[in-house]
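Reviewing the structure listed below.
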Amino acid sequence: MAQTDTAQAPDGAVLSVHNMSMNFGGLRALSEVDLEVRQGEVVALIGPNGAGKTTFFNCITGIYTPSEGDVFAYPRSGKKRRVNGMRTNLVCELGMARTFQNIRLFPSMTALENVMIGRHCRTKTGILGAILRGPGTRREEQMVVDSSYELLKKVGLEKMANEYSRNLPYGAQRRLEIARALATEPFLLLLDEPAAGMNPQETLELKEMVIRIREEFKVSVLLIEHDMKMVMSLSDRIYVMEYGRVISTGTPKEVGEDPQVIRAYLGEESDA
Amino acid sequence: MAAENIFAHVKRALIAAVWLAFLTAPIMVIRVDTVEKTVTWRWMHLAYMAAGSFLLALVWYIMLERRDRGKANKDAEGNVKESALARGFADPKLVKPMLAFGFVAAVAFPWIFSMYQTNILVSALIYVVLGLGLNITVGLAGLLDLGYVAFYAVGAYTYALLNHHFDLGFWTVLPMGAIMGAFFGLLLGFPVLRLRGDYLAIVTLGFGQIIRLVLENWSDFSFGPSGIANIDRPGLFGIPYSVEQATTYIYYIMLGLVMLTIFVTARLKDSRIGRAWLALREDEIACQAMGIDNTRAKLMAFALGATLASLMGVVFAAKTTFVNPASFTFMESAMILAIVVLGGMGSVVGVILGAFLLMLLPEYMRAFSEYRMLLFGATMIVIMVFMPKGLVRAKRKIYKINAETAG
Ligand SMILES: Nc1ncnc2c1ncn2[C@@H]1O[C@H](COP(=O)(O)OP(=O)(O)OP(=O)(O)O)[C@@H](O)[C@H]1O
Ligand SMILES: [Mg+2]
């Protein structure tokens, strides 16, 4: 039922959302949203506070079940999968990994262990294996440690591998969340305001990191971000959301010139 | 310490002392002799009360301040200083000899000490395993289970009933008890999958009460409050043995089970499964969003904790040769939880220490007769105030990185 057909998406999409709506009681947080992310793209989702961006992430990662519409994912295996209502952990296993707007690391685990958690769904030691700790288990465990350490190096945190994640500086915590998401071997990386709380220098480094990660891991990226400079220079395409609707979409240049967007961001004279 | 601080402490202690003396005045001062029909006014008691509480309060306030000052220093350094206890356990030069000595002492114990002492130690060992079992559910997976004693009861009654009706022996029932425990763990686990925190605590509390009430009232099945007596002791290849030898025998069985449990929990703690439990405890949503099946992790934690409790139930029934529902009250659950919290949530060494402390302390404080529970409570409060993370703070493993990848 989940896999409706085996054909690749026609235009190389890895995620396509059709007509998705989300109601919280009487509040319509998302209405009829259409969105598509193609292979290798960096797509930004922007919009004023409360527009419904985080809700959109929650809907496509199984934390909420959308009230209406379809979410389709095209994982590396090539099988089209309907994601609506799928359990959160299965969405991750499918290959859509996210970070959180308000950092959600595991505070009393070390940085390395946080990344190792990401390897969980790609490994398989069970209770018995863990107790007996045979050669297979030990090999797997060492592989988890090594690959997690590699990922820490990619985000520049290898020196802090054995620090408790709660003791890391803010910017490092954000990067650790990205490393943890990468550890699940995603085809689509969902970043919820990765630059929030970072200074301009850190933001610049983050931008370069995202570009590097996209090349190296061949992932597509969908990111929510308020930092316009970063969004404009990083993304291939942008979706602008306001009051739960997509009001504009296109390349950074197109969106930047769209009067609707300018109105949404600066407010209409008559409204003020 | 600055002079004004001392002054402030003295002032607070004075207020506390006066207040306490005032509150307790009626019971401390007035003594009514109903036979002689006289009333004695013991005013001196008021003075003792005030002086005693003043001193205690003063010491308390000064210690609290020292603790807070220590905390501030630690925060400035950025890392937490270990307690001397934890450092002792971490020093590799000390660990090996300590373990060796502990093992020899444990093996020699029944030959050196009396049967009475051995019996006490067996009880303590049972609580070590119970503590380690609950540590999986509460300490590692963060699922607050207030009905843990129910699984202990399941094991005890599994053995008692199977022995009574079908004459099955201890060694046959031991694995069956484990299976029953796992089954009941899942039985509790399924309905509470969506609950956490306080809600989970209340439902598990109810579960514990239900099991006890069923055992108390379903007389046809469980023989009600009068319980089941004359349960067989563990068999020893058909060799008969005396009651004294039985104590020694059960002691060694328990020693084996304790070592097995320590081995199992220590290995699980730093495994793929243990990490998943920890992630579950730290942040359920993030845990699931990182691809961990919460349902599986929770059920595993419940089932494994319950299995250990049930195993101990079987041993308990064989040790006392008698079970009734009175052994499985909420007090037991609370005690086991206290062992875990006091010892240090998630720390194997801490839980073991906690079990010994909480089981042996009341035993050896019998000398203080009626003040025993008071002292016991006071000890617990002092430990929790000054060591809020427990006797031994749980630490995460430091991983070695393969040279080639690190280079
Ligand atoms: N679980 C929920 N129940 C009810 N309302 C919700 C829920 N989650 C979000 N909302 C509402 O949906 C709307 C969109 O919220 P959302 O968090 O998605 O905004 P956002 O675009 O991420 O904003 P920000 O830029 O501030 O992060 C808000 O009005 C919010 O109050
Ligand atoms: Mg948001």
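How many square angstrom of accessible surface are buried between A and B, both sides summed, with a 1.4 Å probe and rounding to 100?
Heavy-atom accessible area buried at this interface is about 3800 Å².
Could you sort A:160, B:259, A:22 by their accessible area in this structure, using a 1.4 Å probe and putting the largest first?
B:259, A:160, A:22
Within 10 Å of each Cβ in peptide B:393-399, how many partner chain Cβ atoms are there on average? Round it to a whole number, please.
5
Over the stretch B:3-72, what is the relative contact order in whole percent, taking alpha-carbon pairs under 8 Å and six or more residues apart?
39 percent
Under 24 Å Cα to Cα from residue A:207, which lysines show up? Leave out anything in the same chain fewer than 8 places away.
Within reach: A:53, A:153, A:154, A:159, A:218, A:229, A:253.
Using only Cα atoms, what is the ratio of the radius of gyration of chain B to 2.2 N^0.38 Å?
The value comes to 1.15.
Rounded to the nearest 500 deg cm²/dmol, what is the calculated helix-only ellipticity per residue at 222 nm for the protein assembly as shown, with -39500 (n - 2.57) per DSSP H run of length n ≥ 4?
-19000 deg cm²/dmol
How high is the relative contact order of chain B, in percent, with contacts defined as C-alpha pairs under 8 Å that are six or more residues apart?
23 percent
Sorted from largest down, what three extents in whole angstroms do the Cα atoms of the stretch A:154-216 have along their principal axes?
30, 27, 19
What are the ³J(HN,Hα) values, in whole Hz, obtained from phi via the Karplus relation 6.51 cos²θ - 1.76 cosθ + 1.60 with θ = phi - 60°, for each residue of the stretch A:19-27 in sequence order, with x given for Gly and Pro?
Here the 3J(HN,Hα) series is 6, 7, 10, 9, 10, 10, x, x, 7 Hz.
Compute the helix-to-body angle for A:170-182: its Cα long axis versus the longest principal axis of chain A, expressed 0 to 90° and rounded to tens.
80 degrees
If you project the alpha carbons of the stretch A:107-183 onto their three principal axes, what span does each projection cover, largest first, in Å?
Taking max minus min along each principal axis of the Cα atoms, the stretch A:107-183 gives 38, 22, 19 Å.
Can you pull the Kirkwood radius for the stretch B:3-72, inverse mean 1/r over Cα pairs, to one decimal in Å?
13.7 Å
Going by amide H atoms built from the backbone, whose H comes under 5 Å of the H on residue A:221, apart from near neighbours?
A:41, A:42, A:43, A:189
So for chain A, what percent of the C-alpha to C-alpha distances run longer than 24 Å?
Across chain A, Cα pairs with separations above 24 Å total 51 percent.
If all Cα-Cα distances of the stretch A:51-110 are sorted into 10 Å bins from 0 onward, what percent lands in each bin, rounded to whole numbers?
21, 48, 24, 7
Can you list the DSSP H helices in chain B whose Cα atoms extend at least 20 Å along the helix axis and whose mean Kyte-Doolittle hydropathy is 1.0 or higher?
B:3-29, B:92-112, B:115-134, B:170-189, B:243-269, B:348-364, B:372-386
Across all directions of projection, what mean area in square nanometres is found for the Cα convex hull of the stretch B:285-366?
7.4 nm²
In Å, the Kirkwood hydrodynamic radius of the stretch A:1-146 over pairs of distinct alpha carbons?
One over the average 1/r among Cα pairs gives 17.5 Å for the stretch A:1-146.
Restricting to bridges with both residues inside the protein assembly as shown, how much of the DSSP beta-bridge set is antiparallel, in percent to the nearest 5?
DSSP beta bridges in the protein assembly as shown are roughly 60 percent antiparallel.
For the protein assembly as shown, treating each Cα as an identical point scatterer without solvent, what Debye log10 I(q)/I(0) comes out at q = 0.06, 0.11, 0.12 1/Å?
-0.47, -1.17, -1.27
Helix A:200-217 versus the longest principal axis of chain A: what angle, 0 to 90°, nearest 10, using Cα atoms?
Rounded to the nearest ten degrees, it is 70.
Around residue A:103, which amide H atoms from residues at least 5 apart in sequence, or from another chain, sit under 5 Å from its own amide H, with H modelled in the peptide plane?
For residue A:103, no residues qualify.
Test of understanding: in a Gaussian network model of chain B with alpha carbons linked when under 10 Å, which of B:251, B:364, B:127 would top the mean-square fluctuation ranking?
Checking each option, the largest mean-square fluctuation is seen for B:364.
Have a look at the stretch B:187-285 and give its Rg and Dmax from the Cα atoms, expressed in angstrom.
Just the Cα atoms of the stretch B:187-285 yield Rg and Dmax of 20.1, 57 Å.
The values are calculated or read from the model by the stated rules, or taken from the named source; none is laboratory data. Worth saying up front: this structure is predicted, and the values here are computed from it rather than measured. Heads up, the Cβs are rebuilt from the backbone with ideal geometry, glycines too, and the neighbour counts pull from every protein chain shown. Just so you know, the surface numbers come from the protein's heavy atoms only, side chains and all, with ligands and any DNA or RNA stripped out. Shrake-Rupley method; radii C 1.70, N 1.55, O 1.52, S 1.80 Å.
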